[in-house]
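Peer 1: Below you'll find the structure I mean.
The values are calculated or read from the model by the stated rules, or taken from the named source; none is laboratory data. Because the structure is a prediction, the values reported are computed rather than measured. Reconstructed Cβ throughout: ideal geometry from the backbone, glycine too, with neighbour counts over all protein chains shown.
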Amino acid sequence: MNKCLNKEEFEKLIDLKAKLNDLDEEDYLLSIMIDNAENWQDKLVGLSYFLSQILERKLKKNIGCDSLIKLVYSLPDEMWFSIQEFDVNFIDYMMSCEHKPGLSLEERLIETQYDLDEYRYGRTFRY
């Protein structure tokens, strides 16, 4: 199973791995997803766009980001995790697909990543 983390989940994963915070009881499902990724059962994906926003918030709290960047980019060595770069190909694919009306940008990005992971190239396209 593939799961694209939303911004909040991605930040909680970073905080957990950097030992800045532990997961709460309400993060039970995220905890299971992390355990499965650490056991190479399920893949987690983090979007670099969300990472940039998370790091910006950390900087505002005077938290050093160099170590966090290294940590995030080393996650694929310890768990089934990948970083989807917010590059021209990703943006082009996202903009060429019809999305459900009313979705936020975050929801559109997650939906786009899910479609890419599931090889859903035949969605309704705009021309």
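Peer 1: Within the group D27, D35, D22, which residue is assigned to a loop (DSSP other than H, G, I, E, B), modelled with pLDDT of 90 or more and farther than 22 Å from L116 by Cβ?
Peer 2: On the way: D27 fails: assigned to a loop (DSSP other than H, G, I, E, B); D35 fails: assigned to a loop (DSSP other than H, G, I, E, B).
From the options D27, D35, D22, the qualifying one is D22.
Peer 1: Still on this structure, please answer the following. Taking the condition of being in contact (Cβ under 8 Å) with a residue 12 or more places away in the chain and either loosely packed, with under 14 Cβ neighbours inside 10 Å or in a helix (DSSP H, G or I) (or both), how many residues in segment 53-81 meet it?
Peer 2: First, pick out the residues of segment 53-81 that are in contact (Cβ under 8 Å) with a residue 12 or more places away in the chain: 53-55, 57, 63, 67-69, 71-72, 75, 78-81.
Restricting the remaining residues to those that are either loosely packed, with under 14 Cβ neighbours inside 10 Å or in a helix (DSSP H, G or I) (or both) gives 53-55, 57, 67-69, 71-72, 75, 78.
Residues meeting the conditions: 11.
Peer 1: I've got another one for you. Can we say E107 is modelled with pLDDT under 95, under 13 Å from the mean Cα position of the chain (by Cα), within 21 Å of K12 (Cβ to Cβ) and charged (D, E, K, R)?
Peer 2: The answer is yes for E107.
Peer 1: Only one of (1) among the hydrophobic types (A, V, I, L, M, F, W, C); (2) at pLDDT below 80; (3) touching a strand residue (DSSP E or B) at 6+ places or on another chain (Cβ under 6 Å) fails for L116. Which number is that?
Peer 2: Unmet for L116, out of (1) among the hydrophobic types (A, V, I, L, M, F, W, C); (2) at pLDDT below 80; (3) touching a strand residue (DSSP E or B) at 6+ places or on another chain (Cβ under 6 Å): (3).
Peer 1: May I pose another question? What number of residues within segment 8-51 are in contact with a Phe, Trp or Tyr (Cβ under 8 Å, 6 or more places away or on another chain), over 17 Å from W80 (Cβ atoms) and surrounded by fewer than 20 Cβ atoms within 10 Å (Cβ to Cβ)?
Peer 2: Within segment 8-51, residues that are in contact with a Phe, Trp or Tyr (Cβ under 8 Å, 6 or more places away or on another chain), over 17 Å from W80 (Cβ atoms) and surrounded by fewer than 20 Cβ atoms within 10 Å (Cβ to Cβ) number 2.
Peer 1: I'm trying to understand the selection: among the residues of segment 82-104, which are closer than 22 Å to E11 by Cα and in a strand (DSSP E or B)?
Peer 2: S82, I83, Q84
Peer 1: Looking at L44, L16, L55, L5, which one is of a type in the set (A, V, I, L, M, F, W, C), modelled with pLDDT of 95 or more and touching a Gly at 6+ places or on another chain (Cβ under 6 Å)? Explain how you work it out, then say what you get.
Peer 2: Working: L44 fails: touching a Gly at 6+ places or on another chain (Cβ under 6 Å); L16 fails: touching a Gly at 6+ places or on another chain (Cβ under 6 Å); L55 fails: touching a Gly at 6+ places or on another chain (Cβ under 6 Å).
Going through L44, L16, L55, L5 in turn, the sole match is L5.
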